[in-house]
Every structure is written in structure tokens, then in C-alpha cells.
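Engineer: Before I ask anything, let me first share the structure, which is written out below as C-alpha cells.
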Amino acid sequence: MSKQPELPEQTIKPKPTRGASFYMALLAIVISLVGTCVSIFEARILREQQTIMSDEKEATVWPYVSAGANISQEGKSTTVTMSLKNEGVGPALIGDLHHVVEGQTGTLTEVLPMLRKQFPAFKIIPLLISNTGKKVLGAGESVTAYRLLISGQTDQVLDHIEVTGAIETEFCYCSIYGDCWSSDGERLAETQPCGGRDYLR
């Protein structure tokens, strides 16, 4: 009878058990991930708050410049005073100012001949021509752009107003933060020129 070979003894390795240190390490990783997510979220909120605060700070010093005419009549003569007034809450850095008559652009002195040609029945005399371009206008302040004396064959003030209505005054202005607007209230892009930005350089 043959002897059967003996099988080698198999050693059974115990299954590794996950101890408390494993779970502690896993918990630390989860807490770290949650902390990172919270930090990213807080940073985003903080950035949004800073943007809002910056916009609010700029809005508290926004100027608003309007042009208006004051008209007074004496006999057959009418005096027209055109002024710029800052009705905003911050200083206005007035940029380039010019006048337009029948498509011709320039200073009042340059466009007056065109105005006189358009209204030959009237005598148009400049009493005051102010260089209001490149000027700082505080909140509530106003400056005279020009004053004209209009006289002629009629004493109707409406006829004289028609003369001043033919002069279009154009200008731009900026806030101290570099936001700029045109005279019609349109906000100018940073690429659009305005002499008011020269104060900030």
C-alpha cells in the first residue's frame, strides 16, 4: 500500500481589520474637504460683497451735469445765459465743451458766424464766453458757458429763443473714479475719449 504524500499546511491569514485610526483618518479627510468647500464659498461671497461695496462707493460720488438757459427780456432785446450745473452728489470733472450750429462744431466764437447767417434779422452779441472745458464743478455748483444779447425787429421772446435753440451745447464729464458721461446722459465706455479723465492721470 502506497503512502499518500502529505499536503503542506496552509496558513490562514487573518483579514485585516480597520481600526479606530483608519476611521479617524477618513473623518479628517472628509472634514478637510468640507472646510475647503466652505472656504471657496466664503471667498466667493466676500468677492461679491466687495464688488457691491465698490459700486456703492462710486455711486455716492456720481455727478450729474445738466445744461440750462436763463432768459430775460428787456424791450426788444433778450439776454440768454447758458449754464452748466452739477446736480449730482460728487464733483464733476468737466471735459471738452463745444457748440454745434447747423452741423458745424467749435467754440461759440467759431460757430457765431453760422448762427448770424442763419438768423440775419437779429443782432447777436456775445456778452460772455467762458472756457468751461477742463473745469472741476462741485456738487450744487454751476458755471456760465456763455451769455448772448439778441436784438432785432421783433420783441417776441419766442423768436429770440429760437436763436438759442439753434445752438447745441455738447460736453462730457467724469466722476473722481473715472466714470464718464456725455451731455445727453449716456455713460461713456473706457475706450471713449473724455477730457475729464485728464484730471485723473
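Engineer: Residues to consider are Val89, Val30, Val100; find the one that is assigned by TED's automatic domain parsing to the domain that holds Gly152, at pLDDT 75 or above and not in a strand (DSSP E or B). Write out each step before concluding.
Structural biologist: Details: Val30 fails: assigned by TED's automatic domain parsing to the domain that holds Gly152; Val100 fails: not in a strand (DSSP E or B).
Exactly one residue qualifies, and that residue is Val89.
Engineer: Can Thr132 be described as surrounded by 17 or more Cβ atoms within 10 Å (Cβ to Cβ), under 13 Å from Val80 (Cβ atoms), in the same structural domain as Ser83 (by TED's automatic domain parsing) and not aromatic (Phe, Trp, Tyr)?
Structural biologist: On the way: surrounded by 17 or more Cβ atoms within 10 Å (Cβ to Cβ): yes; under 13 Å from Val80 (Cβ atoms): no; in the same structural domain as Ser83 (by TED's automatic domain parsing): yes; not aromatic (Phe, Trp, Tyr): yes.
Taking the combined requirement at face value, the residue does not satisfy it.
Engineer: Here are the criteria: (1) closer than 23 Å to Thr81 by Cβ; (2) out of contact with any helix residue (DSSP H, G or I) (no Cβ under 6 Å at 6 or more places or on another chain). Tell me which single one Phe119 does not satisfy.
Structural biologist: So the condition that Phe119 fails would be (2).
Engineer: With the requirement that a residue be over 15 Å from Thr169 (Cα atoms) and surrounded by 15 or more Cβ atoms within 10 Å (Cβ to Cβ), what does the range 182-193 give you?
Structural biologist: Leu188, the sole residue that qualifies.
Engineer: How many residues does the range 169-180 contain that are surrounded by 15 or more Cβ atoms within 10 Å (Cβ to Cβ) and either within 25 Å of Thr109 (Cα to Cα) or of a type in the set (Lys, Arg) (or both)?
Structural biologist: 4
Engineer: Give the range 33-74 a look and list any residue that's β-branched (Val, Ile, Thr), modelled with pLDDT under 75 and under 30 Å from Lys134 (Cβ atoms), or say none. Steps first, answer last, please.
Structural biologist: The first filter runs over the range 33-74 and keeps only residues β-branched (Val, Ile, Thr), leaving 34, 36, 38, 40, 45, 51-52, 60-61, 65, 71.
Applying the additional criterion that residues be modelled with pLDDT under 75 yields 45, 51-52, 60.
Scanning the range 33-74 gives a single hit, Thr60.
Engineer: Any chance you could count how many residues in the range 106-130 are touching a residue at least 12 places away in the same chain (Cβ under 8 Å) and closer than 28 Å to Tyr64 by Cβ? If you could, list the steps in order and put the result at the bottom.
Structural biologist: Taking the range 106-130 first, the residues touching a residue at least 12 places away in the same chain (Cβ under 8 Å) are 107-109, 111-112, 114-115, 118-119, 121-130.
Still in the running and closer than 28 Å to Tyr64 by Cβ: 107-108, 111, 126-130.
Qualifying residue count for the region: 8.
Engineer: Sticking with this structure for a sec: Across the range 86-100, what is the total count of residues that are among the aliphatic types (A, V, I, L, M), crowded, with 21+ Cβ neighbours inside 10 Å and more than 13 Å from Tyr64 (Cα to Cα)? Can you show your working first?
Structural biologist: In the first step, residues of the range 86-100 are kept if they are among the aliphatic types (A, V, I, L, M); the result is 89, 92-94, 97, 100.
Retained after the next criterion (residues that are crowded, with 21+ Cβ neighbours inside 10 Å): 92-94, 97.
Okay, now just the ones that are also more than 13 Å from Tyr64 (Cα to Cα), so 97.
Final tally of qualifying residues: 1.
The values are calculated or read from the model by the stated rules, or taken from the named source; none is laboratory data. Worth saying up front: this structure is predicted, and the values here are computed from it rather than measured. Ideal geometry is used to build each Cβ from the backbone, glycine not excepted, and the neighbour counts take in all protein chains shown.
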